[in-house]
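The values are calculated or read from the model by the stated rules, or taken from the named source; none is laboratory data. In this text, all values refer to a predicted model and were calculated from it rather than measured experimentally. All Cβ positions, glycine included, derive from the backbone under ideal geometry; neighbour counts span all protein chains shown. Please note that ligands, DNA and RNA were not included when accessible areas were found on the heavy atoms of the full protein model with its side chains. Shrake-Rupley method; radii C 1.70, N 1.55, O 1.52, S 1.80 Å.
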Amino acid sequence: MSTPASPYNPTAPSRSDIDATPGALLLEFGVGWCGHCQAAEPAILQALQAHSPLAHMRIEDGPGRALGRSFKVKLWPTLVLMLHGQELARLVRPTQASQVQDLLRQVPAGCPKEKGFAAK
């Protein structure tokens, strides 16, 4: 069984900070009260365990949240996989760890995963 994820962070970095992040970074947009987010959490955590030490940020999203709007997030949770500041791929409302693992496998072998922002 996975340990619970940290809560979604209400303080998001700027888009320019995200775009300047070297290596791989997984952004997870959602809110704690969202049933889809709660249901996806075990699958996301399971997949992340296999791809450690990938930097992972859980970002609270909602109306007026600039970072989520800049990524055109419409449904929660939305996972956005970044590579050297560029969106590599995204996944919306995953239900199985295999879906998240398929997303994370898109990070090229040998790509630095632990750089950039600390996991949140």
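Peptides 68-81, 85-98, ordered by how many other C-beta atoms sit within 10 Å of their residues on average, highest first, read 68-81, 85-98. Relative to its residue count, the chain spans a Cα convex hull of 92 Å³ per residue.
Distant-in-sequence amide contacts of I59, defined by a placed amide H-H separation under 5 Å and a gap of 5 or more residues or a different chain, comprise N9, E28, F29, G30.
Here the 3J(HN,Hα) profile of segment 36-44, calculated from phi with Karplus coefficients 6.51, -1.76 and 1.60 at θ = phi - 60°, is 5, 5, 4, 5, 7, 3, x, 5, 5 Hz, Gly and Pro shown as x. A 1.4 Å probe over all protein chains sorts D19, D61 by accessible area into D19, D61, starting with the largest.
Can you tell me the order of 48-55, 22-29 when each peptide is scored by its average per-residue count of other Cβ atoms within 10 angstrom, highest first? Don't jump to the answer; show the numbers that get you there.
On the way: 48-55: 15.5, 22-29: 22.9.
Output ranking for 48-55, 22-29: 22-29, 48-55.
Label point 7 Å out from C111 along Cα-to-Cβ: which residues of segment 1-45 have amide N under 20 Å? Inside the label zone: 15-29, 44-45.
Scalar couplings 3J(HN,Hα) for segment 9-16, obtained by applying the Karplus form with A = 6.51, B = -1.76, C = 1.60 to θ = phi - 60°, are 7, x, 9, 9, x, 6, 4, 5 Hz; x denotes Gly and Pro.
Using R0 = 30 Å, the C-beta based FRET efficiency linking H84 and W33 works out to 0.35.
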